[in-house]
Amino acid sequence: MATLLLPNPFSTKLPAQRYSHRRFTCSSITAQSRSAKEQLLALIADQDRGIKTQSDPAKHAAIVEAINAMAAAGEGSVTTGDALSATWRLLWTTEKEQLFIVEKAPLFGTQAGDVLQVIDVRNRTLNNVITFPPDGVFIVRSTIEVASPQRVNFRFTSAVLCGKNWEIPLPPFGQGWFDIVYLDDDLRVVKDIRGDYLVVDRASYDWKE
């Protein structure tokens with residue numbers, strides 16, 4: 001989760017230079033970006049967070065085209081500032097590991113709830129979180145480092161699967177980067193080192209361990 005990256009089977013320092021973030025407001029979003037955003041949200045609305053897209057190449061191509069339009073709208077903007085810090089909720093992704101967990105959860109007698117990415121830029125942390133209401137949660141923890149105005153490097157540090165009265169630590173591994181190609185007050189669009197895409201919105205709550 002980070003884009004919402006999970007490890008593949010299942011202290012960093014910020015650069016001395018700090019990037020100032022251009023705060024986006026409704027009035028600062030151009031007509032072009034607003035149109036691209038509306039198109040993207042319409043395309044992913046019925047895709048079950050990306051599960052349905054896996055078997056629909058035409059829909060996948062249309063969504064990627066819309067994401068490229070979003071990237072063009074966000075070109076030149078700083079997307080790795082303090083506004084990146086938030087609890088983000090998954091709307092759509094191409095990440096197979098994550099979609100597998102969400103899709104197959106009923107086989108284990110549960111259902112996936114919100115899939116989250118919790119980022120704290122100042123404390124250099126990112127948690128990928130899959131919830132299984134009412135008490136289950138899978139957490140992959142990472143450290144992050146801002147690498148450029150739109151790129152963040154990450155390194156997985158630990159993972160744990162928790163239930164109501166139990167938890168199982170899992171051995172995470174891996175590192176990489178993701179580019180935040182678009183960011184506004186409520187939406188973030190990401191492309192990562194593996195060529196996967198992620199679309200998340202700003203959750204209405206702050207998730208805490």
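The values are calculated or read from the model by the stated rules, or taken from the named source; none is laboratory data. Given the structure is predicted, the values throughout are model-derived calculations rather than measurements. Positions of Cβ are generated from backbone atoms using ideal geometry, with glycine treated the same way; all protein chains shown enter the neighbour counts. The area values use the complete protein model at the heavy-atom level, side chains included, leaving out ligands, DNA and RNA. Shrake-Rupley method; radii C 1.70, N 1.55, O 1.52, S 1.80 Å.
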Checklist entry - Antiparallel as a % of all DSSP beta bridges within the chain, to the nearest 5? => result 100
Checklist entry - Can you list the equivalent-ellipsoid semi-axes of the stretch 55-168, largest first and in whole Å, using the square root of 5 times each Cα gyration tensor eigenvalue? => result 27, 22, 10
Checklist entry - Among all lysine pairs in the chain that are eight or more places apart or on different chains, how many have alpha carbons less than 20 angstrom apart? => result 10
Item to check | Length gained when the stretch R194-S148 is fully extended (0.36 nm per residue, less Cα-Cα span) | outcome: 14.7 nm
Checklist entry - Using a simple charge model, +1 on the beta-carbon of Lys and Arg, -1 on the beta-carbon of Asp and Glu, nothing else, what dipole does the chain show about its Cα centre, in debye to the nearest 20? => result 480
Next on the checklist: So if I take the alpha carbon set of the chain, get Rg, then get Rh from the Kirkwood formula, what is the Rg over Rh ratio?
Outcome noted: 0.95
Checklist entry - Which whole-number percent gives the relative contact order of the stretch 24-85, counting Cα pairs below 8 Å spaced six or more residues apart? => result 39
Checklist entry - Out of L187, A83, A45, whose Cα points farthest toward the positive end of the dipole of the chain (charges: +1 Lys, Arg; -1 Asp, Glu; placed on Cβ)? => result A83
Item to check | Cβ-placed point charges (K, R +1; D, E -1), dipole of the stretch 64-177 about Cα centre in debye, nearest 20 | outcome: 240
Next on the checklist: Need the full-extension length gain, I168 to L107, defined as separation in residues times 0.36 nm minus the C-alpha distance. One decimal, nm.
Outcome noted: 20.1 nm
Checklist outcome for this item: Cα extents of the stretch 105-209 along the principal axes, largest first, in whole Å, come to 42, 28, 26
Checklist entry - Can you give the accessible area per residue of the chain, in Å², using a 1.4 Å probe? => result 50
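Can you give me the % of accessible surface on the stretch 35-156 that is carbon or sulfur? Probe 1.4 Å, all protein chains present, nothing else counted. Numbers along the way, then the final one.
Working: 2690 of 5290 Å².
Reported share for carbon and sulfur atoms: 51 percent.
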Checklist entry - Considering only V118, V129, A71, whose Cα is most displaced toward the positive end of the charge dipole of the stretch 48-150, charges sitting on Cβ of Lys, Arg (+1) and Asp, Glu (-1)? => result V129
Next on the checklist: Going 7 Å from the Cα of T30 along its beta-carbon direction, which residues of the stretch 37-76 have the amide nitrogen within less than 18 Å of the resulting point?
Outcome noted: 37-40, 66-76
Item to check | Residues L161 and N123, FRET efficiency given R0 of 22 Å [Cβ-Cβ distance, rounded to 0.05] | outcome: 0.40
Checklist outcome for this item: Ratio for the stretch 85-133, C-alpha Rg to 2.2 N^0.38 Å, reads 1.26
Checklist entry - Semi-axes of the equivalent ellipsoid of the stretch 120-182: what are they in whole Å, largest first, if each equals the square root of 5 times a C-alpha gyration tensor eigenvalue? => result 26, 13, 9
